[in-house]
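The values are calculated or read from the model by the stated rules, or taken from the named source; none is laboratory data. From a predicted model like this one, the values you see are computed outputs, not experimental measurements. Note: ideal-geometry Cβ built from the backbone for every residue, glycine included; neighbour counts use all protein chains shown.
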Amino acid sequence: MPNLPKLQVALDLLDLDKAVSIARASIMGGVDIVEAGTPLIEKFGVVAALSRLKEVSGNKLLTADLKIADAGYLSSKIAFENGANIVTVLAAASDKTIEGVIKASRQFNGYVMADLIVSSDAKSDAEKVLSLGVDYVLVHTGLDEQAKGRTALEQLKSLSRLIPSEKLAVAGGINEKNIIDILQFKPSIIIVGGAITKSNDPTSVVKRIKKAILNYSYES
């Protein structure tokens, strides 16, 4: 049986109670990873956001979407100390910054995800972070770019050839309708935000996406 992609829910919200509620509902649906989104962390802080989500995530992996640009070791250490299993760093950050995040991750048995969201040369940055030893490389179409009608699928077509599938993560406008298009690239982590968080029934949405992942893996 092939390794199934893990499904991560991105909680890019400004209401911590709502984020906790959606996290709980998503876990009921079978989500694998809970993400404290950047806006949530910016409003409530790393400690408060992670501690609340850790209470409900239990043995599920918890991601702190810090998008670290500097002070890699110190910034990621705070997140790992407060329950994060995965921390994001900008792939465009300096080698020293990324190495600092990796150092902290090894101390806390965590993982590093390098985000290509602001990379002006995504291919070069992907090669750089892979050589430095990050655990995942995130092909990411951000919210502002999604507002222009762009999706992660466009970048995946060129970048997936550079990134080993076991290190490939993807985010940006993913939903029930386009999940099959994403699965053809065999990513290790699939991150879904609005399709879950804006739904009236997050549990059902997660179940349907998980079912699509399971069915596709058997057919591929």
Residue ID - surrounded by the fewest Cβ atoms within 10 Å (Cβ to Cβ), chosen from residues in segment 207-220 that are farther than 16 Å from K60 by Cβ and of a type in the set (D, E, K, R): E219
Can you say whether V101 is more than 28 Å from D201 (Cβ to Cβ) and either in a helix (DSSP H, G or I) or of a type in the set (S, T, N, Q) (or both), as far as the supplied structure shows? yes
Out of the residues in segment 20-29 that are over 18 Å from N85 (Cα atoms) and not hydroxyl-bearing (S, T, Y), which is surrounded by the fewest Cβ atoms within 10 Å (Cβ to Cβ)? M28
Residue that is crowded, with 19+ Cβ neighbours inside 10 Å and in contact (Cβ under 8 Å) with a residue 40 or more places away in the chain, where the choices are A91, A79: A91
Lone unmet requirement of (1) outside any strand (DSSP E or B); (2) in contact (Cβ under 8 Å) with a residue 40 or more places away in the chain; (3) more than 21 Å from L16 (Cβ to Cβ) for L74: (2)
Condition first: more than 15 Å from the chain's Cα centre (by Cα), buried (at least 16 other Cβ atoms within 10 Å of the Cβ) and part of a helix (DSSP H, G or I). Now tell me which residues in segment 173-206 satisfy that. I179, L183, P202, T203, V205, V206
Contact list please: Cβ distance under 7 Å, first residue in segment 164-182 and within 25 Å of L130 (Cα to Cα) and acidic (D, E), second residue outside any helix (DSSP H, G or I) and at pLDDT 95 or above, pairs at least six apart or on different chains. E166/S188
How many residues of segment 42-70 are among the basic types (K, R) and not in a helix (DSSP H, G or I)? The answer is 2
Taking the criterion of being free of Cβ contacts under 8 Å to residues at least 40 places away in the same chain and within 11 Å of V9 (Cβ to Cβ), would at least one residue in segment 43-54 satisfy it? no
Between a first residue in segment 126-140 that is over 15 Å from I191 (Cβ atoms) and a second residue that is charged (D, E, K, R) and assigned to a helix (DSSP H, G or I), which pairs have beta carbons less than 8 Å apart while being 6 or more apart in sequence or on different chains? K128/D95; L130/K167; L132/D95; L132/E99; V134/K167
Scope segment 10-41; condition polar (S, T, N, Q) and either more than 23 Å from I68 (Cα to Cα) or in a strand (DSSP E or B) (or both); matching residues: S21, S26
Expected output for segment 96-112 (first residue in contact (Cβ under 8 Å) with a residue 60 or more places away in the chain, partner buried (at least 18 other Cβ atoms within 10 Å of the Cβ) and part of a helix (DSSP H, G or I), Cβ below 9 Å, 6+ apart or cross-chain) is none
(1) modelled with pLDDT of 95 or more; (2) in a helix (DSSP H, G or I): which one isn't true of V170, the others all being true? (2)
On the basis of being assigned to a loop (DSSP other than H, G, I, E, B), of a type in the set (V, I, T) and crowded, with 17+ Cβ neighbours inside 10 Å, does I163 make the cut? yes
Condition met for G142 (among the small types (G, A, S), modelled with pLDDT under 95 and exposed (fewer than 15 other Cβ atoms within 10 Å of the Cβ)): no
